[in-house]
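Structure, as structure tokens:
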Amino acid sequence: MVVLVVFAALTTMVALRMPYPSTFDELPHVSVVRAQYEHPAPFADASTYRMVSRDDLARWTTASNYINHPPLYYMMIGQMLRVTSDVYALRLANVVLALVALAIGLWAGVRYLGAGGDRTVFVILIACFPKAPLIGGIVNNDNLANIAAVIVFVGLTGAGGGAWLLGIGLALAGWTKLTALVSLGTAVIIARGWPLMRGRRAWRFADLWPIALGGGVGALPYLANYARTGHLLYVNEALYGVPLADRPQIYIQDYAVFFFATLADKWPAAEFQLPVVFSAILALAPVALAALGSRADRRIGAIGWPFLAAFGVTLVIHFWFGWSAFQRIGDQSIAQSRYYAVLWPGIALAATPGIRALAQWWRPLAVLAMLMILIPTVPGGAITALLLR
């Protein structure tokens, strides 16, 4: 309850105090909310989206939008426009989504861990994704993607209806954003497929078809866009394109350095405020702890390894998509750390026995590991800034 209250306070503070629009694509998201409210379209052509005025949600500008996500989130939030056009009301609706996601994740993880001190560590870890309060307090479809993530997490931890929950989570993820479908779909495929391949679980059609159905439903928006345009997603090349003469002429290894350095810089809640090497260490810490915990506790590893594998697969796809976009149009905006938020519940669960293993070896090392998780967060960043003044 303490963690929920603190998270609610931080996220509400962001919603009410952060200047509008935030730098996390908030105005483009608000614009699609308005577009879907005025003209609901389940398979909308994203190239037709425009931007609303930052001062008046009912006034359209001629600027083109670049949001290319399916419309479910925007249709849901858009219903509030029937009552109010106050952007802070829309933000508070997102605070509710963020709190629901955290509460469900807490319940599922605590239930899976059972009795013991590890539950306290997990409760802290799951609330420590660095961008969580910042995204939770603004208009952003990542908040619905995180609901999909915890539904999948519940299904994988066995805290409910199993295959049906996985199918529902994948369908919701797909109708929210492609990165969520790819990441969560990979985790589900590995978690359910690996035991089947190793003969540890009997193949049962009844356990698989709801998952396949959910994944298929989640893929529909992208298949529809592919049928219409030949691409899974619309890309606003006029906005993201850079003339060839203005692009840095680099090879893939140079782009890799740029890409991963940008991901590291964007890991903390306060982006680009720490040395990139330190940020990279902070970003890798939860992954290393999750690997250690999955190895130390076989039962936790049944959840942790699929999420870690999904992290790796997502990272490879993310990098390749970024390199392809750079080659094609010179786009240098692809590296975004918040795409990995949907995998955080599984990584937090797996990191929990990792902290325990470090504490059994040398307690100060476990304390240091917890600090490395806390420093990139909003309160951790604020305390660090005060100490460094």
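The values are calculated or read from the model by the stated rules, or taken from the named source; none is laboratory data. All of these numbers come straight from a predicted model, not from anything done at the bench. FYI the Cβ positions are ideal-geometry reconstructions off the backbone, even for glycines, and counts take in every protein chain you see. Accessible surface is based on the protein model in full, side chains and every heavy atom, while ligands, DNA and RNA are left aside. Shrake-Rupley method; radii C 1.70, N 1.55, O 1.52, S 1.80 Å.
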Which one of Leu92, Leu106, Leu102 is assigned to a helix (DSSP H, G or I), at pLDDT 95 or above, under 21 Å from the mean Cα position of the chain (by Cα) and over 18 Å from Ala350 (Cβ atoms)?
Leu92
Residues that are of a type in the set (D, E, K, R), surrounded by fewer than 18 Cβ atoms within 10 Å (Cβ to Cβ) and more than 21 Å from Tyr20 (Cα to Cα): does the stretch 93-111 have at least one?
yes
Looking at (1) of a type in the set (A, V, I, L, M, F, W, C); (2) assigned to a helix (DSSP H, G or I); (3) farther than 19 Å from Pro133 by Cα, which is the one condition that is false for Leu282?
(3)
Checking the structure you have, find out if any residue of the stretch 96-109 is β-branched (Val, Ile, Thr), farther than 27 Å from Ile375 by Cβ and free of Cβ contacts under 8 Å to residues at least 40 places away in the same chain.
yes
Close pairs from the stretch 272-288: first closer than 26 Å to Ala310 by Cβ, partner hydrophobic (A, V, I, L, M, F, W, C) and open to solvent by 80 Å² or more (accessible area, probe 1.4 Å), Cβ under 8 Å, at least 6 apart:
Ala280/Phe260
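Given the structure, is Arg17 over 19 Å from the mean Cα position of the chain (by Cα), without any contact (Cβ under 8 Å) to a residue 40 or more places away in the chain and surrounded by 13 or more Cβ atoms within 10 Å (Cβ to Cβ)?
Here the answer is no, as Arg17 does not meet what is asked.
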Look through the stretch 272-296, keep the residues that are in contact with a Lys or Arg (Cβ under 9 Å, 6 or more places away or on another chain) and surrounded by fewer than 21 Cβ atoms within 10 Å (Cβ to Cβ), and return whichever of them is farthest from Leu113 (Cα to Cα).
Phe272
Ala310 meets each of (1) of a type in the set (Gly, Ala, Ser); (2) surrounded by fewer than 17 Cβ atoms within 10 Å (Cβ to Cβ); (3) within 25 Å of Gly109 (Cβ to Cβ) with one exception, condition (2)
